[in-house]
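Here's the structure we're looking at; comments come further down.
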Amino acid sequence: MADTVKIISPIDGSLYAERPFITDSALEGVVSRARAVQAEWAHVPVEDRARQALAFLDALLAMNDEMVPELAWQMGRPVRYGGEKGGVDERVRFMASIAEEALAPYVPKPIEGFRRAVKREPLGVVLVIAPWNYPYLTAVNSIFPGLIAGNAVILKHAAQTLLVGERFQQAFDRAGLPKGLFQNVVLSHEQTELLIGSGKVDHISFTGSVAGGRAIERAAAGTFASIGLELGGKDPAYVCDDVKIEHAIENLVDGSFFNSGQSCCGIERIYVHEKVYAPFVEGFVDLTKKYVVGDPLDPETTIGPMARGSFADNVRGQIGEALRKGAKKHVGMKHDKDRDGSPYLTPEVLTEVNHQMAVMREESFGPVVGIMKVKDDNEAVQLMNDSPYGLTASVWTTDLDRAETIGDRIETGTVFANRCDYLDPALVWTGVKDTGRGAALSKFGYDALNRPKSYHLREI
């Protein structure tokens, strides 16, 4: 096993950063410190924990100007989008604002002669395994609520975005919270599995692949640690016949191609009612052709490279298979770096697709989308549910009652209407089927980060 992990920048293939894996003895110290400081942190009032977490947040946001180009170098997102500051700020402040209510004891209907309550206690040590595609936004979903709920947090960030973990650690240290309460570590896959299987962590929060989620479940078997998993996705959209078509086109193009299509809730397949199919496809293709693929450090670039050439090659493979089976491509943009092995990939729109093609069934996680014509709501629902995944689904209609009725039939964690690109922190973020299990954000997110403890006290 290599002693270090390297970040190879998708911008130019250069070595951007290299870090050593933590030693096994040092990792034992990390866990011991976390356990010791958490025992004290658990008794700090919730309002004080939330206040200190916000100091951590402020220290993180203060570094945003430095973090934005770092993100471009690490995973390719164009600097024009300004990083993830807005979403990070909104989510953490919301979770802090609801903490006292969400973590307050539950008191059932009084019974004379008894005092009864269910208090919420922290789990202990939370391990957050964060992905590279939205490396700040996804991590804060567990880090900050975990701390506010009274846990210690250990962060293992993705190899592609190791510097994000370091930024979290710098912010934590500058905020002056108890040493050891939050610790960023660089772990190999083997070390991560050993840590999970050691029984020394109480909750694992993982965002990543289905294969990764299964590996974590195997590693955690017998430890009784709780697990939160957000795994693969193949998020669908249904464009109804009563849609405001310009609005749908603008938002679905963005939902398909923002972040080079590397979004957990990115649109990967679109079903369009036959009455509006032709104008929708025409407008969708025309808007897609206005994207600018290039160097993410150039403020004119709207689509940067994918994080790795292998990810882009997977999408190229899906497109090639679809074309061989009869699909039609509509964009055909040219870029001098768009070739096999390169992370630079121009966006593509496919029609004449079907569910025998990988591009409509398997996760793409890149800048391609297939569009199918449907005759009615029933056919759209059937196709939307014909997937092993279920993170989000969106319905585009002027009739919200219709959207809700359709949404009741879709196998998914979140139903959107007339949008597809926003995680409301007041609503739970969850998935079904192979997308995983567990919950983040909202008051339900806190439920995953504490355990109930009943008090049944009788007066004598």
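If you look at the Cα atoms of the range 114-179, you get an Rg and a Dmax of 14.5, 55 Å. When the chain is described by a simple charge dipole with +1 on each Lys and Arg Cβ and -1 on each Asp and Glu Cβ, the residue from Leu103, Gly208, Val432 located farthest towards its positive end is Leu103.
For the range 86-208, dividing the convex hull volume of the Cα atoms by the residue count gives 138 Å³ per residue.
Average projected area of the Cα convex hull of the range 336-375, in nm²? Present the calculation step by step, with values, prior to reporting the outcome.
Details: hull surface 14.1 nm².
Hull-based average projected area comes out at 3.5 nm².
Since only Gly294, Ile143, Tyr16 are under comparison, the one whose Cα sits farthest along the positive direction of the charge dipole of the chain, derived from C-beta charges on Lys, Arg, Asp and Glu, is Ile143. The charge dipole of the range 302-348, taken about its Cα centre with unit charges on the Cβ of Lys, Arg, Asp and Glu (plus for the first two, minus for the last two), comes to roughly 160 debye.
Highest mean packing first, where packing is the average number of other Cβ atoms within 10 Å per residue, the peptides 180-193, 31-44 line up as 180-193, 31-44. Taking every C-alpha pair closer than 8 Å and separated by at least 6 residues, the mean separation divided by the residue count of the chain gives a relative contact order of 19 percent.
Which length gain, in nm to one decimal place, applies between Asp89 and Arg35 when the Cα-Cα distance is subtracted from 0.36 nm times their residue separation?
Going from the current span to full extension adds 16.6 nm.
Enter the angle in degrees (range 0 to 90, nearest 10) between the Cα long axis of helix 64-75 and the first principal axis of the Cα atoms of the chain, meaning the one along which they spread out most. The two axes meet at around 60 degrees.
Quick one: work out the % antiparallel among DSSP beta bridges in the chain, nearest 5.
Numbers: 20 of 60 bridges.
The antiparallel fraction comes to roughly 35 percent.
Note that the range 19-28 has calculated 3J(HN,Hα) couplings of 9, x, 5, 5, 6, 4, 5, 5, 5, 4 Hz, one per residue in order, obtained from phi through the Karplus relation 6.51 cos²θ - 1.76 cosθ + 1.60 (θ = phi - 60°); glycine and proline are x. Across the range 31-134, the volume of the C-alpha convex hull divided among the residues equals 144 Å³ per residue. Between the residues Ala358, Met306, Ser263, the greatest Cα displacement towards the positive end of the dipole of the range 252-358, with unit charges on the Cβ of Lys, Arg, Asp and Glu, is found for Ala358. Annotation for the range 216-266 versus the range 322-359: alpha-carbon center distance of 20 Å.
P(r) tail for the range 234-343: Cα pairs beyond 24 Å make up 27% of the total. Partner lysines whose Cα lies under 27 Å from the Cα of Lys244, excluding those fewer than 8 positions away in the same chain, are identified as Lys234, Lys275, Lys289, Lys290, Lys328, Lys329, Lys373, Lys375.
Using the Cα atoms as the points, what is the convex hull volume per residue of the range 257-416 in Å³?
On the way: hull volume 19.1 nm³, N = 160.
Expressed per residue, the convex hull around the Cα atoms of the range 257-416 is 119 Å³.
Against the main long axis of the alpha-carbon atoms of the chain, helix 210-220 sits at an angle near 20°.
The length gained by stretching the chain between Lys6 and Thr398 to full extension, at 0.36 nm per residue less their Cα-Cα distance, is 136.2 nm. In loop segments of the range 51-144 as defined by DSSP, the GluC sites (Glu not before Pro) with at most 13 further C-beta atoms inside 10 Å of their C-beta are Glu112.
With the largest listed first and rounded to whole Å, the semi-axes of the equivalent ellipsoid of the chain from the Cα gyration tensor are 39, 28, 19. Rounded, prolate or oblate: which fits the range 170-281 when a ≥ b ≥ c are the square roots of the eigenvalues of the alpha-carbon gyration tensor, with rounded for a/c under 1.5 and prolate only if a/b beats b/c? Taking the square roots of the gyration eigenvalues as a ≥ b ≥ c, the range 170-281 is prolate. Please sort by residue number the GluC sites (Glu not before Pro) in the range 249-302 whose DSSP state is loop and whose Cβ has at most 10 other Cβ atoms within 10 Å. Counting only loop positions with at most 10 other Cβ atoms within 10 Å, the GluC sites (Glu not before Pro) in the range 249-302 are Glu300. A P(r) calculated from all alpha carbon pairs of the range 1-50, with 10 Å bins opening at zero, reads 20, 25, 22, 24, 10 percent.
Starting from 0.36 nm per residue, how many nanometres of slack lie between Leu427 and Glu274 once their C-alpha separation is accounted for? Can you show the working numbers first?
Values: separation 153, 0.36 × 153 = 55.08 nm, distance 3.26 nm.
Gain on stretching Leu427 to Glu274: 51.8 nm.
How would you classify the range 153-210 from its alpha-carbon gyration tensor, with a ≥ b ≥ c the square roots of the eigenvalues: rounded for a/c under 1.5, else prolate if a/b is greater than b/c, otherwise oblate? List each step's numbers first, then the result.
On the way: a/c = 2.26, a/b = 1.40, b/c = 1.62.
Here the range 153-210 falls in the oblate category.
For the pair the range 380-421 / the range 82-152, the C-alpha centres are spaced 28 Å from each other.
Checking the a/c ratio against 1.5 first, then a/b against b/c, what shape does the Cα gyration tensor give for the range 284-343?
Working: a/c = 2.67, a/b = 1.29, b/c = 2.07.
Because a/c hits 1.5 or more and a/b fails to exceed b/c, the range 284-343 counts as oblate.
Where a number appears in this text, it was derived from the coordinates with a stated rule and is not lab data. In this text the structure is predicted, and so the values were computed from the model without any measurement. Cβ sites come from the backbone with ideal geometry, for glycine too, and all protein chains shown count toward neighbours.
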